[in-house]
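The values are calculated or read from the model by the stated rules, or taken from the named source; none is laboratory data. Just so it is clear, the model here is predicted, and its values are computed rather than measured. Cβ placement follows ideal geometry from the backbone for every residue including glycine, while neighbour counts extend to all protein chains displayed. The area values use the complete protein model at the heavy-atom level, side chains included, leaving out ligands, DNA and RNA. Shrake-Rupley method; radii C 1.70, N 1.55, O 1.52, S 1.80 Å.
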Amino acid sequence: MNQYGFAFLGLTALIAFLVALLTFALLRFATAAKQARGKARRAGTETALLSAAFQDAVINLKAQERAMSDRAAASEQLNAQIVDSLTAGLVVVDKTGEIEIFNPAGRRMLEIATDPIGDDYRTVLLAAPALVSVIGECLASTQPIIRRSIEVTGTTRPSYFGVTVSPLTGTSRPGAAICLFSDLTGIMELEEQLRLKDALARLGELTAGIAHEFRNGLATIHGYGRLIDPQALPAQYQPYMEGIRQEAEALGKVVTNFLKFARPEQLTFAPVDLEQIARRAADDLQHELPMGTRVTVQGPFEVIQGDEVLLRQVFGNLVRNAVEACGPAGRVPNVMIHGSVSPTTGMCRVSVDDNGPGIPESARERVFQPFFTTRAHGTGLGLAIVQKVVVMHNGRVTVGASASGGASVQLSFPLPTT
């Protein structure tokens, strides 16, 4: 083999080496590319998983936020329902006196028509200065006021409230106060009725025996006065005997009426129609009323549990008093008996109004006392007996002025419970 042969073999070997080296490099590159593609796929999968997890977290947070918002709205709605459903009055004022909450029950009790949120409580509660004073005291002292009783006179019907005022502590409203008040009028009236019943019972026990003995002696005087013939006396003494007889008869009527007042009554309760009782009492007096007297019965009445005889005596006394009051004033008596029914308070109210001179305001608290009278020939027992009978029926009686300027006697009777 010549030199050219050896050169060809060497060149072939070199070419084979280079081909092998290039093949190896290509294989390494292909392997590296494959590994790179695998890593890229794995990285993409991890990124997708991370993105999905992040989206799930965002969705969960939004759901929790919605749930918290719903709970907050439900809690706020529940609080509003609780405040609106309270039967007691609720007022919340801030430290400047601005009203933040005023529930419907409180507005009804104080006869406030519109929602006064944002107004000054001193302006809104003009009808209840005592309540203004209690709230102001709490705001100034930052000390709670527990169960204080106040009288509210600026409303249509005077009322008694039980009030508790406390400062709001640990809130975002420092210096604010919350006031709760309830209507104690019914309780106060019941206590007054019990005191009056007890006083009437004690008065009856104390005076019935004395009045009975007094009547016995008076009957003896009256009897002897009747046995003496005035014609047998000298002419100058005959008027004296007649005076003795008249005064004995008048005192006898007074003692009889007082015994009726002082003696414990045995009530016979049954369903009675107040309108029919009022009309019958007026009819029974027609024969003794002055000419031209008008007695009108109108308005809705109610059937109550009561003693018909005693209630007829009540209306008879009131009509008689009203007519007699018009006489000295020179007026033709016009008596109005008006009824009204209040399902809210559970009362039937009856007013007996006249067109007489009326009862002075200074005397209205005393007209129910035995023997107190504003008339020259009155016994002072008519209204005392009226009050006793009404109280025995668990009612109330007050005196005021009628629309015509005369007297107005208002009776209140509880409606029967079903």
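Report, by residue number, each residue of segment 326-345 that is modelled with pLDDT under 85 and small (Gly, Ala, Ser).
The answer is Gly327, Ala329, Gly330.
Scan segment 282-308 for residues that are assigned to a loop (DSSP other than H, G, I, E, B) and open to solvent by less than 40 Å² (accessible area, probe 1.4 Å) and report the count.
6
Looking at (1) within 27 Å of the chain's Cα centre (by Cα); (2) touching a residue at least 60 places away in the same chain (Cβ under 8 Å), which is the one condition that is false for Ser340?
(2)
I need every pair where a residue in segment 85-100 that is under 10 Å from Gly175 (Cα atoms) has its Cβ under 6 Å from the Cβ of a residue that is assigned to a strand (DSSP E or B) and open to solvent by less than 10 Å² (accessible area, probe 1.4 Å), sequence separation at least 6 or different chains.
Final answer for the pair search is Val93/Ile99; Val93/Ala177.
Cys326 passes all but one of (1) under 33 Å from the mean Cα position of the chain (by Cα); (2) under 19 Å from Val386 (Cβ atoms); (3) hydrophobic (A, V, I, L, M, F, W, C); which number fails?
(1)
Can you name the residue in segment 335-359 that is part of a loop (DSSP other than H, G, I, E, B) and small (Gly, Ala, Ser) and is also surrounded by the most Cβ atoms within 10 Å (Cβ to Cβ) among such residues?
Gly356
Being surrounded by fewer than 16 Cβ atoms within 10 Å (Cβ to Cβ) and part of a strand (DSSP E or B) is the filter here; which residues of segment 135-147 pass it?
Within segment 135-147, Ile146, Arg147 qualify.
How do the pairs read when you match residues in segment 173-187 that are more than 16 Å from Arg148 (Cα to Cα) with residues anywhere that are not acidic (Asp, Glu) and not in a loop (DSSP other than H, G, I, E, B), using Cβ under 8 Å and keeping only pairs 6 or more apart or on different chains?
Qualifying pairs under 8 Å: Gly175/Leu139; Gly175/Pro167; Ala176/Val92; Ala176/Val93; Ala176/Pro167.
For Ala325, work out the one condition from (1) in contact with a helix residue (DSSP H, G or I) (Cβ under 6 Å, 6 or more places away or on another chain); (2) assigned to a helix (DSSP H, G or I); (3) open to solvent by less than 30 Å² (accessible area, probe 1.4 Å) it doesn't fulfil.
Status for Ala325: all satisfied but (1).
Would you point out the residue of segment 168-196, among those that are part of a strand (DSSP E or B) and in contact with a Leu (Cβ under 8 Å, 6 or more places away or on another chain), that is surrounded by the fewest Cβ atoms within 10 Å (Cβ to Cβ)?
If we take residues in segment 168-196 being part of a strand (DSSP E or B) and in contact with a Leu (Cβ under 8 Å, 6 or more places away or on another chain), then Leu180 is surrounded by the fewest Cβ atoms within 10 Å (Cβ to Cβ).
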